[in-house]
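Here's the structure we're looking at; comments come further down.
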Amino acid sequence: MIRRRFAIAAFLAAFAAAAPAAAAELRIALAAAPTSLDPHFHNNGVNNAQARHVFESLTAQDGNQQIRPGLAESWRTIDDTTWEFKLRRNVTFHDGSAFTADDVAFSLQRAPNVPNSPSSFGTFTKQIRSTTVVDPHTIRLHTDGPAPLLAIDLSSVMIVSRKHGEGATTSDYQSGKSMIGTGPYRLIEHIPNDRMVYARNESYWGGVEPWGKVTFRIVNLGPSRVAALLAGDADVISDVPTTDVGRLRQRSDVKLWSGVSNRMTFLSVDVHNEVPMAGNISDRNGNPLPRNPMRDIRVRQALSLAIDRDVIVDRVNEGEAIRANQLVPETFFGYNPAIQPERPDPAAARRLLAEAGYPDGFRLVLHTSNDRIINAVRTVQVIAQMWGRIGIQTQIETMPHTVYSGRTARNELSHMLHSWGAGTGEALGTFVGIVHTRGGAFGGSNRGRYSNPEVDEAIKTALRTVDDAKRLAILQDIMMTVVNDKAIIPLVFWVSTWATRPDLVYTPQANQATLAMAVRAAR
């Protein structure tokens, strides 16, 4: 306890020293560090939020994920395979150079082709076949078929400068060398896993921000973030621990800002390898299994039936979550109301395991990051207890997200707790990202490597279906299939909570982004 108090005190002192008092300075404590500042390297919520301070997209999303103009003032379809975007005039990059359609063409070529990307932005550009620069402020995008969601997809692709991006590596962005965008802030300091410091862009086309300087500090421990806020050493904190929400609501010196998010916590299991990966699964005596149990749908059904999601909502998340029975929340396009919530049934789970040839169960290792997903460690600990009741002995292994994301991308883990945010505000992007067969621009975050050719074909059909009613029917059919297949095992949707000083207002973001642009002085 003494050591913990010392660590918190040391953090507060460091935070205060790094943040000279200034009326226009904003200090934000984040729960997790970005894995990269390259806006095209890793499609990750924390990365994307940081990128939005420096870079912008053609179309943008508001806090409720509704599409609005960004660097493009307007857009239209010329025919079934051609979109035209009219760009804003008098927009400049941080170095004073003009923003033009050529920068858009370069960015759309770069985004899906960054080497070693653990989750490619090709998910959002997959239907673009070619680009035509009509003039400096007009660009046409030619698709390989009708692309009804292209304007939504492009809200996730940051536009970088060709001048500073051509030939640049991910390391050049990470160092700050190529961090030259059109956004409201300029990067002035980056210490990986510690802080990002931004200065206001005084020439920002969208109007000058109220904060002259913004410092993001990485504070992994929830109690330390809360302590920083209460001590006056942070103005805003992200990811308020669910265990602290109740008591913080009672304080007059803190304001909480909560909203239901698009992010789902789920389990992913290896359904690809016929023989289990060594060290990930064994029989009850620790001997290797000759075949991978997870390839049997009955085993995946048993895993899901053993889980009481209400316990995860009420006890693990203190009620600050919503149980998930499919891959997007109820209000999202593609949600299927015919899918009934799954109720826990350990007896049925044991029967299914016996039918699959595992009457005595087996052992497995369940992995999670310990600094990215809300209550991740508590969640897997509770799941391990639930699985133990049906004969599955579960060992927990945790690691920092920067390590975890690399290991999952290299297919080194078999049973994993993950999260996914429906960044486009509907189900299709989720299907493309986490259930389509991995390959090219598809399935970039399909960690269990689920593969169903019928689902793949339906996803591609939905991508080309302009009629909303027809596309909705396709998406709901896909949802039914992947839920029944247990392509993944949904657990809960997050309720995201930020805390601020009482004189500040934070506008909750459905995509959980922590943005300086969402902070304003209270009126």
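The values are calculated or read from the model by the stated rules, or taken from the named source; none is laboratory data. Not measured: the values here are computed from a predicted model. All Cβ positions, even for glycine, are placed from backbone atoms using ideal geometry, and neighbour counts span all protein chains on display.
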Being of a type outside the set (A, V, I, L, M, F, W, C), surrounded by fewer than 18 Cβ atoms within 10 Å (Cβ to Cβ) and under 30 Å from S120 (Cα atoms): is that true of R389 here? no
Out of (1) in a helix (DSSP H, G or I); (2) under 22 Å from T430 (Cβ atoms), the one A60 does not meet is (1)
Screening A151, A111 for residues that are within 20 Å of G444 (Cα to Cα) and either part of a strand (DSSP E or B) or hydrophobic (A, V, I, L, M, F, W, C) (or both) leaves only A111
By residue number, the members of the stretch 442-496 that are within 30 Å of P241 (Cβ to Cβ) and β-branched (V, I, T) are I488, I489, V492, V495
When the stretch 323-379 is checked residue by residue, the ones that are closer than 20 Å to P276 by Cβ and hydroxyl-bearing (S, T, Y) are Y358, T368
A354 passes all but one of the listed conditions (1) surrounded by fewer than 22 Cβ atoms within 10 Å (Cβ to Cβ); (2) under 23 Å from W420 (Cβ atoms); the exception is number (2)
Given (1) within 20 Å of the chain's Cα centre (by Cα); (2) under 21 Å from P329 (Cα atoms), Y404 misses just (2)
Taking the stretch 445-483 and keeping residues part of a loop (DSSP other than H, G, I, E, B) and either out of contact with any helix residue (DSSP H, G or I) (no Cβ under 6 Å at 6 or more places or on another chain) or in the same structural domain as T125 (by TED's automatic domain parsing) (or both) leaves G448, R449, Y450, S451, N452, R464, V466, D467
Only one of I374, I383 is under 22 Å from V492 (Cα atoms), modelled with pLDDT under 95 and crowded, with 17+ Cβ neighbours inside 10 Å, namely I374
Restricted to the stretch 368-409 and to residues being outside any helix (DSSP H, G or I), charged (D, E, K, R) and out of contact with any Pro (no Cβ under 7 Å at 6 or more places or on another chain), the residue farthest from N44 (Cα to Cα) is E397
Counting only residues in the stretch 479-506 that are touching an Asp or Glu at 6+ places or on another chain (Cβ under 9 Å) and among the β-branched types (V, I, T), the one nearest to Q301 (Cα to Cα) is identified as V483
Condition set part of a helix (DSSP H, G or I) and not charged (D, E, K, R), scope the stretch 339-351, selection surrounded by the fewest Cβ atoms within 10 Å (Cβ to Cβ): answer is A347
Across (1) under 14 Å from the mean Cα position of the chain (by Cα); (2) among the polar types (S, T, N, Q); (3) under 25 Å from R298 (Cβ atoms), S369 clears everything bar (3)
Note on the stretch 166-209: residues in contact (Cβ under 8 Å) with a residue 12 or more places away in the chain and on the phi > 0 side of the Ramachandran plot are G176, N193
If we keep only residues of the stretch 154-180 that are small (G, A, S) and part of a loop (DSSP other than H, G, I, E, B), then the residue farthest from K86 (Cα to Cα) is G176
Only one of I191, I152 is surrounded by 16 or more Cβ atoms within 10 Å (Cβ to Cβ) and of a type outside the set (F, W, Y), namely I152
Can you spot a residue in the stretch 340-355 that is in contact with a Pro (Cβ under 8 Å, 6 or more places away or on another chain) and touching a residue at least 60 places away in the same chain (Cβ under 8 Å)? no
Only one of T424, T437 is buried (at least 24 other Cβ atoms within 10 Å of the Cβ), outside the structural domain of P112 (by TED's automatic domain parsing) and part of a loop (DSSP other than H, G, I, E, B), namely T424
For the stretch 254-271, the count of residues that are β-branched (V, I, T), under 20 Å from A302 (Cα atoms) and in a strand (DSSP E or B) equals 2
Exactly one of V328, V313, V299 is in a helix (DSSP H, G or I), in contact with a strand residue (DSSP E or B) (Cβ under 8 Å, 6 or more places away or on another chain) and among the hydrophobic types (A, V, I, L, M, F, W, C), and that one is V313
